[in-house]
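S.K.: Next up is a structure, given as structure tokens.
Please treat every number below as a calculation from the coordinates, not as lab data. None of these values were measured; they are calculated from a predicted model. Virtual Cβ from ideal backbone geometry, glycine too; neighbours counted across all protein chains shown.
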Amino acid sequence: MTSKALKYIRLATALAIFAVFCVLFLDIRHLLPEEFFDIPLWFQFAPSAIKFISAGEAAATGFIAVLILTVLTGRSYCSFLCPLGIMQDLISRAGGKIKRRYRRFGFKKPHTVLRYTILAVTLLFAVFGGLYFITLLDPYSIFGRFMTYFARPVITGINNVLAHIFERFDVYAIVPLHFPSFKAYVYIIPSLFLLLTGVMSLIKGRLYCNTVCPVGTFLGLISRISLLRFKFDDSKCTKCGRCAIACKSSCIDFLNKNIDNSRCVVCFNCINSCPDKAISYGFVRFSSAEKKVDRKKRELIGGTLLLLLGLSGRSSGQEKNTPVPQKASTVKEKKTSPVTPPGSTGIENFISKCTACSLCVSACPNNVLVPSFDQYGIAGIMQPHMDYHKGFCAYECTRCLEICPTGALLPLLPEAKKLTKIGKAIFVRENCIVETEHTACGACAESCPTKAVHMVPFIGNLTIPETNDDICIGCGHCEHACPVTPYKAIYVDGLPVHTAAKKPENIQTDLKHDDFPF
Amino acid sequence: MRRRDFIIKSAGAGFAAGAAMSFGGYKKLWPENQPGQTYDMVAIMGGKPDAMFDLGIQEFGGMTRFVGKGQKVLVKPNIGWDRTPEYAACTNPALVKRVIEHCFRAGAKEVYLFDHTVDNWVNCYRNSGIEKAAKDAGAKVVPANSESYYQEVSIPEARSLKKTKIHQVLLESDVIINVPVLKNHDATHMTCAMKNMMGVVWDRGYWHRNNLHQCIADYAFFSKKPVLHIIDCYNVMTKHGPQGVSKEDVANLASQIITTDWVAGDAAAAKMINYDPDKIDYIKIAHNLGLGNMNLDSLNIRKIKM
């Protein structure tokens with residue numbers, strides 16, 4: 001195929017996919033139905049692979065589809081479906097507008113040692129240590145963090161300014177929203193990667209994708225055996241070099257008429273740059289020369305695949321990284337464990353599957369999820385936990401569990417979620433207003449959706465909180481509502497492994513009046 | 001007087017009058033007792049919320065007593081919780097709708113409605129059924145989830161609540177109509193008319209920290225008071241309030257109390273839920289501060305059974 005339409009099909013698809021991902025993360029009013037998240041997230045390579053391998057989720061076969069796609073077409077995933085890749089293409093275009101030479105690429109040798117080292121380290125850690133490098137380097141998760149920590153605040157800010165303008169005209173269709181701000185450490189990693197991907201793509205096209213990105217390198221290994229690929233027509237090529245200059249991946253060695261398929265992201269720019277229609281995209285004919293190297297490559301690919309599959313056996317082997325509860329103190333809030341969202345089943349499971357894409361942080365209507373610093377150990381930086389000073393887990397809400405692409409959070413029916421105990425409320429009597437001031441409060445008890453926190457008689461008409469651990473689910477509404485500062489009089493300590501809470505019992509009221517009681 | 005002086009002076013006078021009105025107490029500019037005011041309270045039992053209100057407000061002299069032509073009205077229900085109407089955690093939507101309709105019929109130019117919810121406000125507004133009911137009746141449903149909507153006011157006579165931030169829609173409205181729901185409440189034993197105003201302020205934590213009962217009573221000193229309290233006792237949460245755990249908490253008392261005195265309204269409501277008003281501190285404090293009358297025996301109450 002030498003049709004110029006191919007590039008435009010790529011452009012249209014990529015822009016549509018990019019828009020969808022922006023909408024996913026920038027749905028600041030939480031209007032999207034959960035089903036909308038499923039399809040674009042399904043084929044995100046690393047999250048889908050983690051979900052499939054560690055959770056055995058049969059539906060999470062998106063990464064297999066991507067593998068098949070790669071075997072057929074090469075690394076088209078990188079150009080068509082990867083939001084970070086598409087973002088870099090957009091930046092690269094902008095780069096070309098700034099300086100023409102930023103868009104004049106030319107053939108470069110691959111950074112073979114570096115890229116395979118990064119891939120190997122990422123996979124080895126995933127198998128023997130933890131997800132750290134996948135969390136850090138998974139392109140979808142990197143993109144998710146850009147959206148959550150940079151784009152979302154900007155969009156929320158614009159929304160809030162608009163809301164105030166409209167409000168003056170007595171129109172309340174746009175409402176001011178909670179501005180997503182986080183502690184400084186949250187921005188370190190996203191900033192570094194924004195700088196890295198931004199600068200590399202601005203001046204060097206797809207250099208990041210072909211050097212740093214482990215998904216790119218991995219798919220590059222597979223694309224070496226892809227059926228469809230670019231090839232030169234010797235009879236037509238005049239060795240003008242236009243294709244090499246147009247190639248964002250710098251992978252066309254036009255002098256030797258050789259295209260490095262492991263770096264080619266199937267953008268079709270070469271076809272459109274060639275005045276002689278000497279480059280075409282089509283089924284490859286395996287020549288004898290190629291067969292020579294095939295075996296080594298296949299061993300490497302096979303080995304890598306085995307390594308990936310090995311993940312399944314190791315997915316629950318991270319005890320040493322799980323924070324161990326310490327001795328609880330009674331006066332100050334002393335949390336021994338962070339609280340993980342319902343559906344995670346516990347800390348260990350959660351941190352072994354979460355790639356910190358931060359979609360849940362964006363999607364939480366109550367702003368209770370925040371990225372961690374060292375709550376899960378420093379290796380778990382950016383993996384979210386529940387911060388009950390910022391919000392609380394709404395009783396009826398299951399949004400984060402519905403949308404998590406990696407299976408770190410598994411869906412629960414609302415009825416099951418309401419009985420999932422993710423932490424336990426601990427009442428610190430010494431801090432409580434009722435005890436210290438002898439005035440009424442009860443903010444914690446009124447907020448409690450199960451009445452695990454309730455008021456019992458104290459002095460005179462006063463009542464004081466009491467907790468019932470059996471029915472407490474650890475939603476944190478009590479902690480959020482407690483008006484005492486700086487230390488709360490009630491707080492939730494996370495459960496390292498979630499358990500089931502008892503259903504609150506209730507009896508029918510018999511209050512009745514046949515006549516007015518006054 | 002030269003024309004220029006007249007313009008300047010009248011502008012000054014107008015400003016002074018406006019300022020005086022904004023400081024409150026402007027009701028004193030008009031006679032207190034208007035014709036038709038015969039009852040302190042109307043209590044109705046045995047009907048649907050909207051039908052009881054139709055009858056009750058008629059007995060009370062009609063909505064035109066409270067809402068004038070071209071006025072901006074704030075209807076303040078309780079929408080605090082993400083609960084469906086059968087839990088009775090929020091004001092009955094049918095009642096809210098009928099109240100708004102009466103406001104428009106009385107000539108209101110615009111009716112506003114909001115509540116600073118405890119649960120996520122979008123869900124509260126939607127799942128309580130109040131957003132739809134209010135919009136169907138033509139009211140403007142206003143968010144109250146952002147501090148930017150609130151302006152600080154001072155309440156000089158208050159003991160604890162000297163200052164508080166109040167939603168600007170309340171400050172800008174001409175008439176406030178309070179439409180609380182009666183419920184058991186963990187913090188104050190019960191919630192009804194006076195406590196419903198915790199939904200117009202930004203920082204409720206301050207109230208909890210600084211003698212909650214006193215703060216609830218103190219708010220009644222604020223100059224912009226609701227002129228009418230329509231207390232929803234149709235479905236009443238008798239325990240596990242203010243959220244309720246399940247429908248077992250709810251008793252169908254099929255009643256309603258309409259009054260201009262919220263202390264009296266709360267005292268009557270307390271009896272509806274079988275509490276002794278003497279044991280609800282904020283009612284007693286408000287009574288002793290002269291903010292209303294909790295002695296129901298001294299009031300002229302019209303009781304109607306449908």
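S.K.: Given a cut-off of 27 Å, what percent of all Cα-Cα pairs of chain B lie beyond it?
M.R.: When all Cα pairs of chain B are counted, 39 percent exceed 27 Å.
S.K.: For the stretch B:114-187, state the semi-axes of the equivalent ellipsoid (square roots of 5 times the eigenvalues of the alpha-carbon gyration tensor), sorted largest first and rounded to whole angstrom.
M.R.: Output for the stretch B:114-187: semi-axes of 24, 17, 13 Å.
S.K.: Provide a whole-number value for the mean count of partner chain Cβ atoms within 10 Å of the Cβ atoms in peptide B:263-276.
M.R.: 2
S.K.: Going by average Cβ neighbours within 10 Å, how do the peptides B:278-290, B:184-196 rank, with the highest at the top?
M.R.: B:184-196, B:278-290
S.K.: If you count, for every residue in A:173-183, the Cβ atoms of partner chains within 10 Å of its Cβ, what is the mean? Write out the running numbers ahead of the final one.
M.R.: Values: counts 0, 1, 8, 6, 3, 2, 1, 0, 0, 0, 0.
Taking all residues of A:173-183 together, the mean is 2.
S.K.: Amide H to amide H under 5 Å from B:ARG83: which residues, 5+ apart in sequence or cross-chain, H placed 1.01 Å off N in plane?
M.R.: Placed amide hydrogens put B:SER128 under 5 Å from B:ARG83.
S.K.: Next question, about the same structure. Below 8 Å, C-alpha to C-alpha, sequence gap of six or more: please give me the relative contact order for the stretch A:5-314 in percent.
M.R.: 25 percent
S.K.: Shifting gears a bit: Stokes-Einstein at 20 °C, 1.002 mPa s, Kirkwood radius from Cα pairs: D for the stretch A:1-144 in µm² s⁻¹? Intermediate values should be presented prior to the final figure.
M.R.: Details: Rh = 17.3 Å.
The estimated diffusion coefficient comes to 124 µm²/s.
S.K.: Let me ask another. Based on the Kirkwood radius over alpha-carbon pairs, what value in µm²/s does the Stokes-Einstein equation return for the translational diffusion coefficient of the stretch A:5-314 at 10 °C and 1.306 mPa s?
M.R.: After rounding, the answer is 76 µm²/s.
S.K.: Something else: What relative contact order, as a whole-number percentage, does the stretch A:418-518 give when Cα pairs under 8 Å and 6 or more residues apart are counted?
M.R.: Computed value for the stretch A:418-518: 37 percent relative contact order.
S.K.: Let me ask something additional. Within 10 Å of each Cβ in A:434-446, how many Cβ atoms from other chains are there, averaged over the peptide?
M.R.: Values: counts 2, 0, 0, 4, 1, 10, 12, 9, 8, 9, 3, 7, 12.
The shielding value for this peptide is 6.
S.K.: Also, I was wondering about something else. Using a Förster distance of 41 Å, how high is the FRET efficiency between A:ALA94 and A:ASP170, based on the Cβ-Cβ distance and rounded to 0.05?
M.R.: 0.50
S.K.: Classify the stretch A:111-254: rounded, prolate or oblate, from the alpha-carbon gyration tensor (a ≥ b ≥ c, eigenvalue square roots; a/c under 1.5 rounded; otherwise prolate if a/b is larger than b/c)?
M.R.: Oblate.
S.K.: Evaluate the relative contact order of chain A (contact order divided by residue number), counting alpha-carbon pairs under 8 angstrom at least 6 apart; express in whole percent.
M.R.: 16 percent
S.K.: Quick check on the stretch A:418-518: take the gyration tensor over C-alpha atoms, sort the square-rooted eigenvalues as a ≥ b ≥ c, and tell me if it's rounded (a/c under 1.5), prolate or oblate. If you can, show how the numbers build up before the last one.
M.R.: On the way: a/c = 2.74, a/b = 1.22, b/c = 2.24.
Note, shape of the stretch A:418-518 comes out oblate.
S.K.: To continue, here is another question. Based solely on its DSSP helices, what 222 nm [θ] is calculated for chain A when runs of n ≥ 4 H residues each add -39,500 (n - 2.57) and the sum is averaged over all residues, nearest 500 deg cm²/dmol?
M.R.: My calculation for chain A gives -12500 deg cm²/dmol from helical runs alone.
S.K.: So how tilted is helix A:5-25 from the main axis of chain A? Cα-based, degrees 0 to 90, rounded to 10.
M.R.: Orientation of helix A:5-25: about 10 degrees from the principal axis.
S.K.: Excluding B:ASP278 itself, what net charge comes from residues whose Cβ is under 14 Å from its Cβ, given Lys and Arg +1 and Asp and Glu -1?
M.R.: Combined, the nearby Lys, Arg, Asp and Glu give -1.
S.K.: Once you sort the root eigenvalues of the Cα gyration tensor of the stretch A:1-74 as a ≥ b ≥ c, which label holds: rounded (a/c under 1.5), prolate (a/b larger than b/c) or oblate (the other case)?
M.R.: Note, shape of the stretch A:1-74 comes out oblate.
S.K.: Further question: On a 0 to 90 degree scale, rounded to 10, what angle separates helix A:188-204 from the longest Cα axis of chain A?
M.R.: The two axes meet at around 20 degrees.
S.K.: First measure r as the distance between the Cβ atoms of A:ILE9 and A:LEU32, then evaluate 1/(1 + (r/R0)^6) with R0 = 22 Å and state the FRET efficiency to the nearest 0.05. Please list the in-between numbers first.
M.R.: Working: r = 27 Å, r/R0 = 1.20.
Result of the calculation: an efficiency of 0.25.
S.K.: Hey, another quick one. If packing is taken as the average number of other Cβ atoms within 10 Å across a peptide's residues, how do B:271-277, A:335-341 rank, most packed first?
M.R.: Those peptides, ordered most packed to least, come out A:335-341, B:271-277.
S.K.: Measure nothing but the geometry: give the 0 to 90° angle between the long axis through the Cα atoms of B:93-105 and the longest principal axis through the Cα atoms of chain B, rounded to 10°.
M.R.: 30 degrees
S.K.: I'd like the projected area of the protein assembly as shown, averaged over all directions, using the convex hull of its alpha carbons. Report it in nm² with one decimal.
M.R.: Details: hull surface 171.0 nm².
Over every viewing direction, the Cα hull of the protein assembly as shown projects on average to 42.8 nm².
S.K.: Which order, highest average first, do A:232-240, A:469-477 follow once you tally other Cβ atoms within 10 Å for each residue and take the mean per peptide? Before the final figure, lay out each step's value.
M.R.: Details: A:232-240: 12.9, A:469-477: 24.0.
Answer by packing, highest mean first, reads A:469-477, A:232-240.
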